[in-house]
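The values are calculated or read from the model by the stated rules, or taken from the named source; none is laboratory data. Given the structure is predicted, the values throughout are model-derived calculations rather than measurements. Every residue, glycine among them, receives a Cβ derived from its backbone with ideal geometry; neighbour counts consider all protein chains shown. Side chains included, ligands, DNA and RNA excluded: accessible areas come from the protein's heavy atoms. Shrake-Rupley method; radii C 1.70, N 1.55, O 1.52, S 1.80 Å.
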Amino acid sequence: MPPLPDIEGVAPSRQRLPAGPWKTVLDFLTERFPAVGAAAWVSRMARGQVADEAGRTVTPDSRYRAGGTVYYYREPPPEIPVPFEERIVYRDEHVLVADKPHFLPVIPAGRFLRETLLVRLRRRPGLEDLAPAHRLDRETAGLVLFSVNPATRGAYASLFQERRVRKTYEALARPISSHTFPLTRRSRIVPGEPFFTMKEGEGEANAETRVELLRAGDDVSLYRLIPVTGRKHQLRVHLAALGAPILNDRLYPEVRPEEEEEDYSRPLKLLAKSLAFRDPLDGRERLFESVREL
């Protein structure tokens, strides 16, 4: 357990102390996070918001110990609220299933801290120990499974690690006229350029997606996507490669310039529609479905 408590659902961040020439922890933190600055770190330390792995308060004079760990609270700029609400689909003493809206990240990262699904849920009574068993892209809406009980967390996390969860997605994209359905896309997905994108490359396939046609349209069709593997951006890459990029996709088939303000009227038309698995504790078959529609 971290030596600092959660504040309004936000857990402290953690930083390992590598080998190096720093004399104090403050010296290291100032160099490691130049955008924060020494004065901000001194202020946090004065408020007791920086501690080591043993729970001891770190001060500006605390000696640097390679191999140690420090915990602290991030102080990001004010966040713009995401104007959509999550829904709790199911909750018991072990798991919680949430229906995530578009634009909301699952966990804190970058400029997103409080406006994340995890922090929003942790603010609710009895959910202080909540942890996600898997992730969804910020742009994707739909179901996310969380562990409520740390004692049984590993059992549910292993479902995803061992690919024992059956997931289906829905997507709106251009009609695919050159194939019959259902079709299967197999390819090798590798890091792309820019670094935050993926692409299909040469070599043995490491990604597989089954595509079913749910509703045909002249300009836009509705597809069911069943990922056999779980590569980053797999569904988006595969549909783009089939000539049917998902509606409002800003990354595929090519990266669009980032806008200064979020356009909430144009969400990525991708929805994590269902999760199904055999419960590792009691053996029951579980099926959860999103009530959202594209």
For residues that are surrounded by 14 or more Cβ atoms within 10 Å (Cβ to Cβ) and over 18 Å from the mean Cα position of the chain (by Cα), scanning just the range 217-227, find the one that is farthest from residue 168 (Cα to Cα). 220
Options 207, 244; residue that is under 12 Å from residue 176 (Cβ atoms), buried (at least 21 other Cβ atoms within 10 Å of the Cβ) and either among the aliphatic types (A, V, I, L, M) or touching a helix residue (DSSP H, G or I) at 6+ places or on another chain (Cβ under 7 Å) (or both): 244
Checked the range 175-185 for anything out of contact with any helix residue (DSSP H, G or I) (no Cβ under 9 Å at 6 or more places or on another chain) and open to solvent by 40 Å² or more (accessible area, probe 1.4 Å); matches are 175, 177, 178, 179, 180, 181, 182, 184
Neighbours by Cβ (under 6 Å, 6+ apart or cross-chain): first from the range 182-199, assigned to a strand (DSSP E or B); second loosely packed, with under 13 Cβ neighbours inside 10 Å and modelled with pLDDT of 95 or more: 186/205; 187/205; 188/201; 188/203; 188/205; 190/201
Would you list the strands (runs of 3 or more DSSP E) that sit entirely within the range 63-164 and hold 1 or more residues that are touching a strand residue (DSSP E or B) at 6+ places or on another chain (Cβ under 6 Å), surrounded by fewer than 17 Cβ atoms within 10 Å (Cβ to Cβ) and touching a residue at least 24 places away in the same chain (Cβ under 8 Å)? 69-72, 87-91
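Looking only at the range 206-215, decide whether some residue is farther than 13 Å from residue 239 by Cα, assigned to a strand (DSSP E or B) and in contact with a strand residue (DSSP E or B) (Cβ under 6 Å, 6 or more places away or on another chain).
So far as the range 206-215 goes, yes, one or more of its residues are farther than 13 Å from residue 239 by Cα, assigned to a strand (DSSP E or B) and in contact with a strand residue (DSSP E or B) (Cβ under 6 Å, 6 or more places away or on another chain).
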Kindly indicate whether residue 274 is under 18 Å from residue 83 (Cβ atoms) and either small (Gly, Ala, Ser) or in contact with a Gly (Cβ under 8 Å, 6 or more places away or on another chain) (or both). no
